[in-house]
Amino acid sequence: MATTSMVQPKFLTKGDELGVVAVGFSGGQCKPGVDAAPSALIANGLLTQLRQDLGYNLFHDDTVHSYKDLLPTSDPDYRGMKNPLAVSAVTKKLCDQVYEHAKEGRCVLTLGGDHSIAIGTIAGTARAIRERLDRELAVIWVDAHTDINTPETSESGNVHGMPVAFLSGLAKEDREDVFGWLKKENLISLKKLVYIGLRDVDRGEKLILREHGIKAFSMHDIDRHGIGRVMEMALGHIGNDTPIHLSFDVDALDPMWAPSTGTPVRGGLTLREGDFIAECVHETGCLVAMDLVEVNPTLEPGIDDIGAQQTVRSGCSLVRCALGESLL
């Protein structure tokens, strides 16, 4: 059985298969509720849509993983990081889960969860792509925030603001139980990283972006060029022969479209712009993995949960577009 998409995947041997990992984890930040997102996305029919409408053969254990058995009884701050042992243990396990799917040559969808989980998902994809294809992984990070703080530059200590620093080797730690498990095969190159949708970047992070010449498109760039030209430039920077991991934080969307998220910032992407980003990535045939993170149905739910439902629906739309849904 084939998927309904006309696009041939370049880097997947099993293009009709989709590995799904549901991650009910909120330890990378302080607001509870983001752990409820995978259940809400699934209850909204996302997996059914991927199976029935897009024709994917799903590989999913029908579990939303809470990783309760991995959480330590005591988890003191370390280098200013909050919940360092918990986030490290969960992302290490998640890295293995994603790797098990990715090494089979199928696309992997991870439903979060806060954005700290990308430490695990991207580490797992990067390792599988190196082993399977001997290639570097490109990452398109769609977010209002850069999430590239090191423990030392972070003002909050929340690890969901640090994943790119750990994944790129900008932040290092020898302690195995605090991200020391990240090895060379798990890391990404800053040259293959592109940001889209930025509008709330810490001063220390701006310095990191400039110092390393990281390709980043803020809302200013999107306003100036339009999302079509921005996607041409973003994909041009990566090149058409590189596997792509799309990590999509729902707070990239304007709160009008996605109010139920932990750190909303006004002046963001429209839902159509978000969908267009996902459609463009799909059209390359280079997508090998996607994360959807930071949907929090318990925040700004609105009257009769309208805000929460809207955010969940927006999240489902982004995933469907990245996995091949087209308007015609």
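The values are calculated or read from the model by the stated rules, or taken from the named source; none is laboratory data. Remember, predicted model here, so these are calculated numbers, not experimental data. With ideal geometry, Cβ positions are generated from the backbone for all residues, glycine too; neighbour counts draw on all protein chains shown. SASA here: full protein model, heavy atoms, side chains in, ligands and nucleic acids out. Shrake-Rupley method; radii C 1.70, N 1.55, O 1.52, S 1.80 Å.
Checked against (1) more than 17 Å from the chain's Cα centre (by Cα); (2) more than 27 Å from Gly213 (Cα to Cα); (3) assigned to a loop (DSSP other than H, G, I, E, B), Arg272 passes all but condition (3).
Just need a number here: residues in region 251-275 that are over 18 Å from Val201 (Cβ atoms) and hydrophobic (A, V, I, L, M, F, W, C). Count: 4. With respect to (1) outside any loop (DSSP other than H, G, I, E, B); (2) touching a residue at least 12 places away in the same chain (Cβ under 8 Å); (3) more than 17 Å from Pro38 (Cβ to Cβ), the lone exception for Leu54 is condition (1).
Of the residues making up region 263-299, those that are among the small types (Gly, Ala, Ser) and either open to solvent by 10 Å² or more (accessible area, probe 1.4 Å) or free of Cβ contacts under 8 Å to residues at least 24 places away in the same chain (or both) are Gly267, Gly268. Count of region 218-239 residues, restricted to those that are in contact with a Cys (Cβ under 8 Å, 6 or more places away or on another chain) and either open to solvent by 70 Å² or more (accessible area, probe 1.4 Å) or within 13 Å of His145 (Cα to Cα) (or both), is 0.
The residue list Ile129, Ile140, Ile119 contains one member that is more than 19 Å from Val295 (Cβ to Cβ) and either of a type in the set (A, V, I, L, M, F, W, C) or touching a His at 6+ places or on another chain (Cβ under 7 Å) (or both), which is Ile129. Check whether at least one residue in region 4-23 is open to solvent by 70 Å² or more (accessible area, probe 1.4 Å), touching a strand residue (DSSP E or B) at 6+ places or on another chain (Cβ under 8 Å) and among the charged types (D, E, K, R), and report yes or no. No, region 4-23 contains no residue that is open to solvent by 70 Å² or more (accessible area, probe 1.4 Å), touching a strand residue (DSSP E or B) at 6+ places or on another chain (Cβ under 8 Å) and among the charged types (D, E, K, R).
For every residue, the table says whether it meets (1) in a helix (DSSP H, G or I); (2) open to solvent by less than 60 Å² (accessible area, probe 1.4 Å); (3) in contact (Cβ under 8 Å) with a residue 40 or more places away in the chain.
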{"residue": "Thr153", "(1), (2), (3)": "no, yes, yes"}
{"residue": "Asp174", "(1), (2), (3)": "no, no, no"}
{"residue": "Val194", "(1), (2), (3)": "no, yes, yes"}
{"residue": "Asp200", "(1), (2), (3)": "no, no, yes"}
{"residue": "Lys206", "(1), (2), (3)": "yes, no, no"}
{"residue": "Leu209", "(1), (2), (3)": "yes, yes, yes"}
{"residue": "Ala216", "(1), (2), (3)": "no, yes, yes"}
{"residue": "Asp241", "(1), (2), (3)": "no, no, yes"}
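Is there a residue in region 163-172 that is touching a residue at least 60 places away in the same chain (Cβ under 8 Å) and in a loop (DSSP other than H, G, I, E, B)? No, because not a single residue in region 163-172 is touching a residue at least 60 places away in the same chain (Cβ under 8 Å) and in a loop (DSSP other than H, G, I, E, B). Test Thr110 against the criterion of being in a strand (DSSP E or B), of a type in the set (Val, Ile, Thr) and within 20 Å of the chain's Cα centre (by Cα), and give yes or no. In short, yes. Leu41 meets all of the listed conditions (1) within 21 Å of Thr261 (Cα to Cα); (2) open to solvent by 70 Å² or more (accessible area, probe 1.4 Å) but one, namely (2).
Evaluate the following for Val178: is it outside any loop (DSSP other than H, G, I, E, B) and either farther than 18 Å from Gly113 by Cα or acidic (Asp, Glu) (or both)? Before you say what the answer is, go through the steps one by one.
Details: outside any loop (DSSP other than H, G, I, E, B): yes; either farther than 18 Å from Gly113 by Cα or acidic (Asp, Glu) (or both): yes.
In short, yes.
Looking at region 248-268, can you tell me whether even one residue there is within 19 Å of Leu54 (Cβ to Cβ), of a type in the set (A, V, I, L, M) and modelled with pLDDT of 95 or more? No, the conditions are met nowhere in region 248-268.
Residue pairs whose Cβ atoms lie under 7 Å apart, sitting 6 or more positions apart in sequence or on different chains, and linking a residue in region 58-75 that is closer than 28 Å to Leu46 by Cα to a partner that is open to solvent by less than 70 Å² (accessible area, probe 1.4 Å) and of a type in the set (D, E, K, R), are Phe59/Glu17; Phe59/Arg106; Ser66/Asp35.
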